[in-house]
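Worksheet for the structure shown next.
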Amino acid sequence: MGMLDSQLVFCQGQAVTAVGDNGSTTQFNLGNPNQGGAGMTGENLWVQAICSETATSAGLATVQAVLQSAPDDATWTDAVLGEAIPVAQLTAGTVMLEVQPPPAMQQYWRISWRVAVAALTAGTFDAFVSNTLQRNVPRPSGFTVE
């Protein structure tokens, strides 16, 4: 992973349980609403959302990572929707959203974890803005080097 600015972390290890939209613990504020948006920075920014701890549910829950923006940190609209992933497929390390933000993003950004069908009983999620894509591949422990 490239450099990660702590001010661009939407959430780290956020537990999400309730059905419906669950906003990230932190929102990103571009500052000046007239500065042209993140699509005009010249950087290749990426918004990434990842399941950090395997999710479980008593029902057939699905979870969708949604990038949202707002002009006022209150009136959130969907900008990019990730796939609605069945809980059985939400294991640690599952990438749920990996997208460059569209130019029409407003001043405030957040990730919303959209839980449908049934509540989650376990699972945590990470989301952040970075200048590169997360490519850490988990490897099994306990190997022997000869």
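Computed from the coordinates by the stated procedures, all read-outs in this text should not be read as laboratory data. Bear in mind that the values here come from a model prediction, so they are computed numbers and not experimental data.
Enumerate the amide H contacts of Ile85 below 5 Å, restricted to partners 5 or more residues apart or on another chain; note that Pro and chain-start residues carry no placed amide H.
Excluding prolines and chain starts, which carry no amide H, the hits are Val63, Gln64.
Starting from the amide H of Cys11, placed 1.01 Å from N in the peptide plane, find each other amide H under 5 Å away whose residue is 5 or more places distant or on another chain.
Those lying under 5 Å, H to H, from Cys11 are Ala127.
Could you give the length gained by full extension between Ala119 and Ala58, i.e. 0.36 nm per residue of separation minus their alpha carbon distance, to one decimal place? Walk me through the numbers on the way to the answer.
Details: separation 61, 0.36 × 61 = 21.96 nm, distance 0.74 nm.
Additional length available on full extension: 21.2 nm.
Full-extension gain between Thr132 and Thr91, please, as 0.36 nm times their residue separation minus the C-alpha to C-alpha distance. Working shown, then result.
On the way: separation 41, 0.36 × 41 = 14.76 nm, distance 2.24 nm.
Going from the current span to full extension adds 12.5 nm.
Please list, ordered by chain and number, the residues whose modelled amide H lies under 5 Å from the amide H of Ala79; skip anything fewer than 5 residues away on the same chain.
Leu67, Gln68, Ser69
Hey, what do the phi angles of the range 14-29 turn into as Karplus ³J(HN,Hα) couplings, whole Hz, using 6.51/-1.76/1.60 and θ = phi - 60°, x for Gly and Pro?
6, 7, 10, 10, 6, 5, x, 7, 10, x, 4, 5, 10, 10, 9, 10
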